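Okay, structure first, notes after.
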Amino acid sequence: MTPEPLHEVTLTVNHVPHQLRLPARRLLSDALRHDVRLTGTHVGCEHGVCGACTVLLDGQPIRSCLMFAVTADGASITTTEGCLEPDGELGAVQEAFHDCHALQCGFCTPGFITTITAYLETHPNPSEQQAREAIGGNLCRCTGYQNIVAAVLRAAEIKRERSAP
Amino acid sequence: MTTKLFGQRIRRVEDPRLLSGRGRYLDDLGHDALAVAFVRSPHAHARVLDIDVSAALEVEGLVAIFSYDDLDGKTSEPLPLLIPHPALTHGRTPYALAKDEVNHVGEAIVMVVASDRYVAEDVVGLIRVDYELLPPVVGVERARDGGALVHDDVPGNVAATMVQEVGDAAAAIDASPRRQRLQLSIERSASMPMEGKGVLARWDADDESLLVHTSTQTSTSVRQAIAAKLSLPVDRVEVVTPDVGGGFGVKIVHPWPEEILVPWASVRLNRPVKWVEDRREHFISSAHERGQLHDVTVGYGDDGRVTGLSVQFWHDNGAYTPYGLIVPIITSTQLLGPYKPTAYRVEFASLYTNTVMVTPYRGAGRPQGCFVMERVMDAIAADLGLDRALVRERNFIQPDEMPYDHGLTFQDGRPLIYDSGDFPASLSKLKQLVGWDDFAKYRERAAAEGRRVGIGLACYVEGTGVGPYEGGHIRVETDGSVVVSTGLTTQGQGHQTMLAQIVADELGVPMERVRVTTGDTRRFKYAVGTFASRTAVMSGSAVALTARKVRAKALRIASNALEAAVDDLEIVDGHVQVKGSPGSQVDLGAVAVLSNPLRYAFDEAAARATQFATPHDPDQPPVAADDEPGLEGSGFFSPTRSTFANGMHAVVVETDPDTAEVKILRYCVVHDCGTIINPMIVEGQVHGGVAQGIGGALFERMEYDESGQLLNASYMDFLMPYASEIPHIEIDHLETPSPLNPLGVKGAGEAGVIPVSAAIAAAIEDAEGVVITAMPISPSELFDLRRAREQRGEAR
């Protein structure tokens, strides 16, 4: 059998451009994890249901297990590694998860971090009910979500604290 | 002593790494390893006639294809029966690759090794297997009738039958003023951790050693199993558990076929080899739990006191029984909860079916037992028109009866003796938390608005911290940092934080100086594993005892250096000092230097311990005959028996009059796991357990069709709760210390899940006036119950 043709793909991940040569069927999640080798993005179900693989594509949350890497050519992608502060400290959402014990095994967590990071950009002051709805598309098997809801509210608070002059 | 960390809400030390993407789960390792995919049986029961790989051989990137005939030595024998039991007369385990028969959809037949997973799956798709179909046995009823057999040599599909009895239950029931019989059932669910299983094996031919990473709940035992199966000296095998994305029981089973095959292939190919389970594989080739039918007869007095209880149940163990009879034995014994029926008989049959095997999932047989007992309590209350809480109270074991011996044998082979607990106090707290006595008024107000609401409660007792033992090793480094190792594994419970709290307190060092590793056989070789809510009890106690040893040694060495009596010394903030005289002190790092007499000054600290730097007695050896160099020590904890935690849940539900959807309005928990090390972590465990319980009560079931196909083997179809399905959970604690370990702790990991189906069934029953005997319950099933009641002409 002939080898699979490879395609030139440029992914800008967390502000760093990566030139990759990938088969057309390579999933974006696999490209991020095994080619770019940023393994913070996790794969829980491979059919877009659990949300663990959520990354931001040009700022919008998407399921990286449902997209081929070639279709993301030229896009700017943010993973949980990219949600850190520029100095490497935990970002607001990550710090809030730490404060609120919003993670246990941590496997689903990167998908929540990216989802909530995007959400707070447009909803800086959510109510508890809105916070619960904001995470309604991500599965977690450990926490029962209560502390994740609390972390959404705490993250909004931290963001305000950090942006205060 | 500095501020005590034990009992504090300390933020987890694990978090920053996991939050910033620096966690290392199995598939984050070995990027350059060869990838494995399996041909798995599409049939529930079949003979394998022929395997044709000819169409696959030309695929670019294919490295090897293995089937049963390629296996050699002990790898070609059935996998071990991990927990033998005299009653398990017909235990059966699978082969690593199917020999000539497959017994469930998903059983591995052919292993493909290739350059990456995409290619491996291409090859899988080109391999043709011919089967002769055999009649599938699906569900307890089909298994029980014995018309078709899963294993030809297991008559009636019966793996085991077992009876335990205290007193003469039949006579006691006959003599009771009142009697009831109930048929109760619970369906299959599964652990479903967000990360499936996975194995990475790296054979080093030069060193003749094997390094295996696996997403397991017991690295020490996987190591022994791999060495035994591959006929390698145990000394040449190490097993490391990396970060694990949840376990909930399924990863305690070992060795999985893949845990043998991947290392075997790595040795054979002399290459790193990795297999990562995908979600569909996890559904059809790991393990499930919960499926049981129960036939219960209870006798009781007019006051609601149970005088005799007889339970017969049928446990669907799936196709194989590697984990023995643990789940049905736990149901048999933990069914009793906080109650004391005067006479009790329990009998079960563990039955084979052509489905995925059944092994413990968080709760491990207790949710079924609790469902049975609590349904009985509610049935008695309904019959007598008594308050449901009152009936429970009248049957409670009282605090002054502790320790309470049930006269039965528990899952660890030891007597079922409750060590402590105050059930009336727990119930009183729960009633107050949920507002039990005021609920009637709330119901009336709701009814006036056309709403149906109901309340239910359920109580459980959970044997935790089972033996035989756990251990720990602690070393104080010369920079004053403290390295703690324990052999059992971790999968999200915050063990590194909890164990660091204990060690920091015991040693008198700041917590930031303590680093904990778990589940790495290179660091600690003796352990049992993480299951049965045992880490705080077992490893917590082990590291506490070890820290006390290391502390004693530090004080002994420091007493020479400070020329003070040991009894006059204390350790504060990482310094040994004379009590009341903090000016006279030596830091623990310096004590570690002094503990190790040196010849060579490899760094500044070491220079202080060299032979010309320290005063010494020329007539004594530098290391005393009964001493060892280093400020370190190992210790073990092995309790006489399990310690029993308990809890009580109350739930308020509202049912939709039209759609029969169930909405949880309030969920209240009173939890007693003895002394609490970190309340934040304990509450997190309870939250997660309750959420899984709600999944099991209202949404999750394994939908097998009659041919043994699992129809909902995906997250799209198997409904696990999202945030929208889980209510805010209100928690109150009672702390009744255990007398069985030095910390007074009891396990907390599984607790939350146990009484949820029982409590929700009771609440729905209360709201609807229909009798609920099977869980989970879907809106359409509740709708059918309503309709049946209406057809009988009964009022709600």
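Nothing in this text is a laboratory measurement; each read-out follows from the coordinates by a stated rule. Keep in mind the model is a prediction, meaning the values are calculated, not measured. Glycine gets a Cβ as well: all are built from the backbone with ideal geometry, and neighbour counts include every protein chain shown.
Sequence-distant contacts, meaning Cα pairs under 8 Å at least 6 residues apart, place the relative contact order of chain B at 15 percent. Of the residues B:Lys251, B:Lys663, B:Lys274, the one with the fewest other Cβ atoms within 10 Å heads the list, and the complete ranking is B:Lys663, B:Lys274, B:Lys251.
Under 5 Å between amide hydrogens, built in the peptide plane, is the criterion, and for B:Leu79 it picks out B:Tyr95, B:Ala96 among residues at least 5 positions away or on other chains. For B:Leu34, the residues whose amide H sits under 5 Å from its own are B:Val273, B:Lys274, ignoring neighbours fewer than 5 places away on the same chain, with H placed 1.01 Å from N. Applying the Karplus relation 6.51 cos²θ - 1.76 cosθ + 1.60 with θ = phi - 60° to region A:152-165 yields 3J(HN,Hα) values of 4, 5, 5, 5, 4, 5, 4, 4, 5, 4, 6, 8, 5, x Hz, where x marks Gly and Pro.
DSSP assigns beta bridges within chain B; of those with both partners inside it, close to 75 percent run antiparallel. Relative to a virtual label point 7 Å from the Cα of B:Leu386 in the Cα→beta-carbon direction, which members of region B:156-185 show backbone nitrogen distances below 15 Å? Within reach of a label on B:Leu386: B:176-180.
For region B:188-241 versus region B:492-539, the inter-centroid distance based on Cα atoms is 21 Å. For region B:577-582, backbone phi angles converted through the Karplus equation (6.51, -1.76, 1.60; θ = phi - 60°) give residue-by-residue couplings of 9, 6, 3, x, 9, x Hz, Gly and Pro being listed as x. Which listed residue (A:Cys83, A:Leu32, A:Gly59) has the Cα farthest towards the positive end of the charge dipole for region A:6-83, taking +1 on Lys and Arg C-beta and -1 on Asp and Glu C-beta about the Cα centre? Farthest along the dipole direction, towards plus: A:Leu32. With the simple spin-label model, which puts each label point 7 Å out from Cα in the Cβ direction, the A:Ala164 to A:Gln130 separation comes to 2.0 nm.
Considering only B:Ala143, B:Gln611, B:Val509, and ranking their Cα positions along the charge dipole of the protein assembly as shown that arises from unit charges at the beta-carbon of Lys, Arg, Asp and Glu, the one farthest toward the positive end is B:Val509.
Among A:Ile116, B:Ile777, A:Ile77, the order by Cβ neighbours within 10 angstrom, fewest to most, reads B:Ile777, A:Ile77, A:Ile116.
In what sequence do A:Glu133, B:Glu107 fall when counting other Cβ within 10 Å, fewest first?
Least to most surrounded, the residues fall as A:Glu133, B:Glu107.
Quick one: if the Förster radius is 45 Å, what FRET efficiency do B:Arg787 and A:Asp87 give, using the C-beta to C-beta distance and rounding to 0.05? FRET efficiency, B:Arg787 to A:Asp87: 0.10.
For region B:705-718, backbone phi angles converted through the Karplus equation (6.51, -1.76, 1.60; θ = phi - 60°) give residue-by-residue couplings of 8, 5, 8, x, 7, 7, 6, 10, 7, 7, 5, 6, 10, 8 Hz, Gly and Pro being listed as x. Look at where the Cα atoms of region B:24-53 and of region B:547-599 average out, and the two centres are 56 Å apart. Toward the positive end of the charge dipole of the protein assembly as shown, about the Cα centre and with charges on Cβ (Lys, Arg +1; Asp, Glu -1), which of B:Val63, A:Gln19, B:Ala625 goes farthest? Checked the options; the winner is B:Ala625. Relative contact order for chain A: 23 percent, from Cα pairs under 8 Å spaced at least 6 residues apart, divided by residue count.
A 29 angstrom limit on the alpha carbon distance is what I want to check against. Which of B:Lys525/B:Lys746; B:Lys229/B:Lys525; B:Lys274/B:Lys746; B:Lys431/B:Lys663; B:Lys340/B:Lys431 exceed it? All intermediate terms of the calculation are to be shown ahead of the outcome.
Details: B:Lys525/B:Lys746 25 Å; B:Lys229/B:Lys525 18 Å; B:Lys274/B:Lys746 37 Å; B:Lys431/B:Lys663 21 Å; B:Lys340/B:Lys431 21 Å.
The answer is B:Lys274/B:Lys746.
From the alpha carbon centroid of region B:261-276 to that of region B:143-160 is 36 Å.
Take every pair of alpha-carbon atoms less than 8 Å apart whose residues are at least six positions apart; their mean separation over the length of region A:6-83 yields a relative contact order of 38 percent.
Listed by chain and number, the aspartates and glutamates whose alpha-carbon sits under 18 Å from that of B:Lys579, ignoring those within fewer than 8 places in the same chain, are B:Asp505, B:Glu506, B:Glu563, B:Asp567, B:Asp568, B:Glu570, B:Asp587.
Taking Cα centre as origin and charging only the Cβ of basic (Lys, Arg, +1) and acidic (Asp, Glu, -1) residues, the dipole magnitude of chain B rounds to 1220 debye.
Remark on B:Tyr131: its backbone amide H falls under 5 Å from those of B:Leu49, a criterion applied only to residues 5 or more positions apart or on other chains, H modelled at 1.01 Å from N. Exposed loop sites here are chymotrypsin sites (Phe, Trp or Tyr not before Pro) assigned a DSSP state other than H, G, I, E or B and surrounded by at most 13 other beta carbons within 10 Å; excluding them, the longest clear run of chain B is B:1-599. Computing FRET efficiency as 1/(1 + (r/R0)^6) for B:Asp656 and B:Leu711, where r is the C-beta to C-beta distance and R0 is 25 Å, gives about 0.45.
Under a Cβ-only charge scheme (Lys and Arg +1, Asp and Glu -1), can you give me the dipole magnitude of region B:276-390 about the Cα centre, in debye to the nearest 20? It would help to have the intermediate numbers written out before the result.
Details: 10 positive and 13 negative charges, 44 e Å.
Roughly 200 debye, rounded to the nearest 20.
Placing R0 at 56 angstrom, the Cβ-Cβ distance between B:Gln432 and B:Asp627 gives a FRET efficiency of 0.50 after rounding to 0.05.
Using +1 on the beta carbon of Lys and Arg, -1 on that of Asp and Glu, and nothing else charged, what's the dipole of the protein assembly as shown about the Cα centre, debye to 20?
1120
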